[in-house]
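Only one structure is covered here, and it is reproduced in the block below.
The values are calculated or read from the model by the stated rules, or taken from the named source; none is laboratory data. None of these values were measured; they are calculated from a predicted model. Neighbour counts are summed over all protein chains in view; Cβ atoms, including those assigned to glycine, are modelled from backbone coordinates with ideal geometry.
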Amino acid sequence: MLRSDSRLDAVLALFDGRRGELIPLLQRVQEAFGYLPEEAMAAVARHTRVPESAVYGIATFYAQFRFTPVGRKHVMVCRGTACHVRGAPRILQTLEKQLGIKEGETTPDGEYSLETVACIGACGLSPCVMTNRQVQAKLTPRKVAELFSREAEAAE
Amino acid sequence: MNVENLSLQIDSRVVEAPAGSNLLQAASAAGVYIPHLCHHPDLKPVGACRLCLVDVEGRGAVLACRTPVEGGMVVRTDHPEVEFARRVTLELLIVNHHGDCLSCVGNQDCQLQEAAARVGVDPERLARLRRSAPSGEIDASNPFFTLDHDKCVLCGICIRTCNEVAGVDALEFAFRAHPMRVSTFGRKPIVESRCESCGECVVRCPVGSLAPKRFERPAREVRTICPYCGTGCAVHLGLRGGRIVSVRGDRNSPVNRGRLCVKGRYGYDFIHHPDRLTTPLIKRNGQFEEATWDEALDLVARRLAAHRGDRFAAMSSARCTNEENYVIQKFARTVMGTNNVDHCARLCHAPTVAGLAQTLGSGAMTNTIGEFPDAACILAIGTNTTAAHPVIGFRLKEAVGRGAVLIVANPKEIDLARHAAVRLQHRPGSDVALLMGMMRVIVDEELLDSEFIAERCVDFEAFRRSLDGFDLPRVERLTGVPAQAVSDAARTYATRKPAAILFAMGITQHSHGTDNVLAISNLALLTGNVGRPSSGINPLRGQNNVQGACDMGALPNVYPGYQKVNDPAVYTKFQAAWGTELNDRPGLALTEMFHAMSAGQIRALYAVGENPVLSEADSTHVLAGLARLEFFVCQDIFLTETARLADVVLPAATFAEKDGTFTNTERRVQRVRQALEPVGQAKPDAWIVSQIAQRMGAAGFESSDPRRIMAEIAAVTPSYGGISYDRLEPDGLHWPCPTLDHPGTPILHTQRFNTADGKARFMPLQYKPPAELPDSEYPLLLTTDRSLYHWHTSTMTLRVDGLKQLNDRELLKIHPGDASRQGIRDGETVNVLSRRGKVQVEARLTEACPPGVVSLTFHFPDAPTNVLTHAALDPSSKIPETKVCAVRIEKGSGKA
């Protein structure tokens, strides 16, 4: 991505470039790209005249900002109390094995990304994961293996 | 300015401290130790480490570094409560600090050790608190230093240094909260960040977290001057067993206040590089053979004796000392009987010397480096200051931090523009139009200083009429800068006083370079910004001693002190002083010498510390000229591209191996001191030249002792009349310094200008386009620039491994739009062709270059940029137009 990216230009055009706009700006960038690409953070730095390193320092403070792209399927493993006691660690372990990535990573083909969240508010369905907007309920490692089988996907 | 002293009590002692200082400073001045990690005298106090807690009566525990002194305060540094809190804080720092003290660079120079020793720590409590394991994270990507995160105490000094001192902003805290760490943008290795490797953070790290890769404590130190740019930073070379083992900036120097750039701090390996010339070489049957000094000197003396007069030319060196330049020009004039002596100032600031001599009477910086931070406005035009004069760059960024408004005018987006309030990206070569446009606005809006103009200037009306041609629509057409931006810049510059103008090669290296300089001079005069502190016209000189080489008369038209060779009174004086007949015809300029060689008019050349094969525009004509010489002697520290073509090569000593003086860009004459014995049989240049002169039977070359040569310089050079080695301690003197009791002149033209009538001269100007502009055959404009990591033709810097690692090859900077039109990808090898030649380089796509403009340095011998450049000369100063020529790019085929 070069400096002149139309999505980025559209976001930057919404702001005057005042220092105080930094966080809303980063939020809009993340909405547009799904994460904060490095070049976009650099462009935000230029626009607000805040050093790049300071933009990064601020962005890394907030859990809401991501620095790697999310996959087309963004998998959030619930690690709330209810899910935890009903086996969330094993669900996560199985997912990591099935997808070949660690928590916080994205598969090289951009299909899946994996992260853990504190609670998705579906304790009655525990243990559960949420893929994009859809909740998969009462999971077991076996069910996870079926739902997230990359070989099966390839065969489709 | 008198600051009031306040009286307060620290640990029952009554101490005095200036108002505005803080308790930590007050205590430390009184010899009371308060533990601290995050405080540094160069930085604003932040109170991050929480160790400097003290008790103030009636207030309780406060941070000493963040508490201003007040009269009557009662302070206790040993109150039980603060001691308890401090101990816990310190213990928590220690348990997160991993590393073996004995193998640490910081050993015995560590604020954490110091604090632990004074506060006392309990090993049992430490063992209980200790974090399980070190992370093992060490960033060793930079060739000169490492960042060990396990030793980091998160004091933030490196971050604040990078921001407040260097203005680079490479570092910041990231991942705040428990995993907090010092990080670059994107957590990349330091070498991939915007870090400029100046090492200022390494110097200030209170522990051994940021540490130089090579370090030995020196046995002794020698204070001298950095050999790179014209800033003239004072350095202490640390020595051990005949080697340089450490380098540090001199904090007491008013020039650099301890600051150094990457070259000045780490660029010294060239001195003991195996490629150094260690013995004279004589070419026999096309091969160099080692020779003794007697053989070589006798041969040179015999051969030169056959070429006396204007068939001889000497190239002196802006790398050499004043004393050496003096001896070289004296040799050319007295022994060889010619004024054919010049040096590389011809290629950098000849238009400045020619232009400002006409308007102000003196072609040097009017003000000093230390004044910049107090300017209200700074116009930096045609100077990539952070790359070419990094320590002056620090000052400019400091000025911005103190409220100065910075205007950056540069065809490319340079790093300094990040700090600018007004940015002007004008087309290369359109400086006159831009500056005249600004002046038109200033005159039209009556922002000029009429009083200054009436009292101190002449020829204003003629100049004013010449502004008629510079209405803003035309200026916009010529420069590509929106009229609004031109007006903004004009108003900003004219209304914020004092305003200083800084400029460099972007102004001078044009076929109308002198006009550009005159335009700058007009602008400063128009607003009364000359002769006052923090204002002025400030040409940043390139080489360490290019100012001095000019001052010493290593120029074809003037003797030392800019005294004209064709002025009968002057040459009569020099005939008497030097006891010999002198030639009153001005000699040839460096750029004219090569034509004269090609034409057979110059038959013998003595080149000292110059590498014209790489540094001259249109190098093909340089090679053609050198090839026709009957005798060519070259004197250098390495066998340069030029030296290889010589008949005799004489090995010279480096700056660290001799005594003398350099005159920096602000006219400050400073002492250079010998730290090492010359390698092999290398000799100081003054000795070599004097030996040749003596062997040619000349008088006046009996001593090559720099102190005695300086006495002779002072006797014949009015502006150096009061300079002697004893008076140069500790920080040198600014010329003009005419008499022994004169304090030197930091600011020029305060009362009168150095012209015949004492008035400054306005110059009417017209816009002239560059000599060669892009056309359908050569559609791109090539301009030249510099890398922070290299110096000139890189004879020295490519012999410093770390600098080579930081920048190992030439890159053609090209706008992505221009590149994509030809399907050129980033990193692809391309051929760059001009009407004069071709080089093969790697393409680097960057929006720092505007569309239509490409850029190269000339640092790399395997991609000699000056094969391409155009030797169109400025008529009055004879500088070649190395900033503009037309080229086309072809996709590379792998091999050239």
*If you check B:K330 against the conditions, is it surrounded by 24 or more Cβ atoms within 10 Å (Cβ to Cβ) and over 23 Å from the mean Cα position of the chain (by Cα)?*
yes
*Hits in the stretch B:394-419 - residues which are away from every other protein chain (no Cβ under 13 Å), of a type in the set (D, E, K, R) and either in a helix (DSSP H, G or I) or farther than 21 Å from B:I520 by Cα (or both)*: B:R395, B:E398, B:R402
*Which residue pairs have Cβ atoms under 6 Å apart, sit 6 or more places apart or on different chains, and have a first residue in the stretch B:501-515 that is assigned by TED's automatic domain parsing to the domain that holds B:N384 and at negative phi and a second that is of a type in the set (D, E, K, R) and assigned to a strand (DSSP E or B)?*
B:H510/B:E881; B:S511/B:E881
*Scan the stretch B:817-831 residue by residue and report those that are more than 31 Å from the chain's Cα centre (by Cα), within 14 Å of chain A (Cβ to nearest Cβ) and not hydrophobic (A, V, I, L, M, F, W, C).*
B:G817, B:D818, B:S820, B:R825
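Taking B:L765, is it within 21 Å of the chain's Cα centre (by Cα) and either part of a loop (DSSP other than H, G, I, E, B) or closer than 30 Å to B:I244 by Cα (or both)?
For B:L765, the condition - within 21 Å of the chain's Cα centre (by Cα) and either part of a loop (DSSP other than H, G, I, E, B) or closer than 30 Å to B:I244 by Cα (or both) - is not met.
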_Looking at the structure I just gave you, is A:G100 exposed (fewer than 15 other Cβ atoms within 10 Å of the Cβ), more than 14 Å from chain B (Cβ to nearest Cβ) and touching a Ser or Thr at 6+ places or on another chain (Cβ under 7 Å)?_
yes
*within 14 Å of chain A (Cβ to nearest Cβ) and touching a His at 6+ places or on another chain (Cβ under 9 Å), is that true of B:T231?*
no
*Name the residues in the stretch B:222-234 that are among the aliphatic types (A, V, I, L, M), more than 21 Å from B:L798 (Cα to Cα) and surrounded by 20 or more Cβ atoms within 10 Å (Cβ to Cβ), would you?*
B:A234
*Residue by residue through the stretch A:1-43, note down the ones that are hydrophobic (A, V, I, L, M, F, W, C) and not in a helix (DSSP H, G or I).*
A:M1, A:L2, A:L14, A:F15, A:L36
*Among residues belonging to the stretch A:44-72 that are away from chain B (no Cβ under 11 Å) and not in a loop (DSSP other than H, G, I, E, B), point out the one that is surrounded by the most Cβ atoms within 10 Å (Cβ to Cβ).*
A:V44
*Of all helices (runs of 4 or more DSSP H) completely enclosed by the stretch B:66-137, which ones contain at least 2 residues that are touching a Lys or Arg at 6+ places or on another chain (Cβ under 7 Å)?*
B:80-95
*Tally time: how many residues in the stretch B:77-107 are touching a helix residue (DSSP H, G or I) at 6+ places or on another chain (Cβ under 8 Å), of a type outside the set (A, V, I, L, M) and over 20 Å from B:P45 (Cβ atoms)?*
10
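Out of all the residues in the stretch B:351-361, is one or more part of a helix (DSSP H, G or I), within 19 Å of B:V669 (Cα to Cα) and either β-branched (V, I, T) or in contact (Cβ under 8 Å) with a residue 40 or more places away in the chain (or both)?
yes
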*Has the stretch B:203-211 got any residue that is part of a strand (DSSP E or B), of a type outside the set (F, W, Y) and either within 18 Å of the chain's Cα centre (by Cα) or at pLDDT 95 or above (or both)?*
yes
*Could you list all residues from the stretch B:187-215 that are more than 23 Å from B:P134 (Cα to Cα), within 14 Å of another protein chain (Cβ to nearest Cβ) and not hydroxyl-bearing (S, T, Y)?*
B:E192, B:R194, B:C195, B:E196
*Could you check the stretch B:464-511 for helices (runs of 4 or more DSSP H) lying wholly inside it with 2 or more residues that are more than 32 Å from the chain's Cα centre (by Cα) and surrounded by fewer than 24 Cβ atoms within 10 Å (Cβ to Cβ)?*
B:472-479, B:483-495
*Can you tell me which residue within the stretch B:75-112, out of those that are over 30 Å from B:E16 (Cβ atoms) and small (G, A, S), is surrounded by the most Cβ atoms within 10 Å (Cβ to Cβ)?*
B:G106
*When the stretch B:448-484 is examined, which residues are found to be acidic (D, E) and in contact (Cβ under 8 Å) with a residue 60 or more places away in the chain?*
B:D449, B:E451, B:D459
*asked:* Any residue at all in the stretch B:287-296 that's within 24 Å of B:T161 (Cβ to Cβ), among the acidic types (D, E) and either outside the structural domain of B:E221 (by TED's automatic domain parsing) or at pLDDT 95 or above (or both)?
replied: no
*Residue under evaluation B:N142, criteria (1) more than 26 Å from B:G393 (Cα to Cα); (2) more than 14 Å from chain A (Cβ to nearest Cβ), criterion not met*: (1)
_Just to be sure before I move on: is B:N516 at pLDDT 95 or above and not in a helix (DSSP H, G or I) in the structure I sent?_
no
*For the stretch B:797-828, what are the residues that are surrounded by 14 or more Cβ atoms within 10 Å (Cβ to Cβ), assigned to a loop (DSSP other than H, G, I, E, B) and free of Cβ contacts under 8 Å to residues at least 60 places away in the same chain?*
B:N807, B:E810, B:H815
*Within the stretch B:149-186, can you find the residues that are among the aliphatic types (A, V, I, L, M), part of a helix (DSSP H, G or I) and more than 9 Å from every other protein chain (Cβ to nearest Cβ)?*
B:I157, B:V165
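What's the total number of residues in the stretch B:288-301 that are assigned to a helix (DSSP H, G or I) and touching a residue at least 60 places away in the same chain (Cβ under 8 Å)?
The number of residues fulfilling the criteria is 7.
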*Taking the stretch B:305-323 as the region of interest, how many residues are more than 36 Å from the chain's Cα centre (by Cα) and part of a helix (DSSP H, G or I)?*
1
*Please work out if A:D9 is away from every other protein chain (no Cβ under 14 Å), within 30 Å of B:A417 (Cα to Cα) and surrounded by fewer than 20 Cβ atoms within 10 Å (Cβ to Cβ).*
no
_I need the full set of residues from the stretch B:843-866 which are in contact with an Asp or Glu (Cβ under 6 Å, 6 or more places away or on another chain) and among the small types (G, A, S), in order please._
B:A843, B:A848, B:S855, B:A863
*Please indicate, with yes or no, whether at least one residue in the stretch B:604-621 is touching a strand residue (DSSP E or B) at 6+ places or on another chain (Cβ under 7 Å), more than 21 Å from B:R319 (Cα to Cα), in a strand (DSSP E or B) and not polar (S, T, N, Q).*
yes
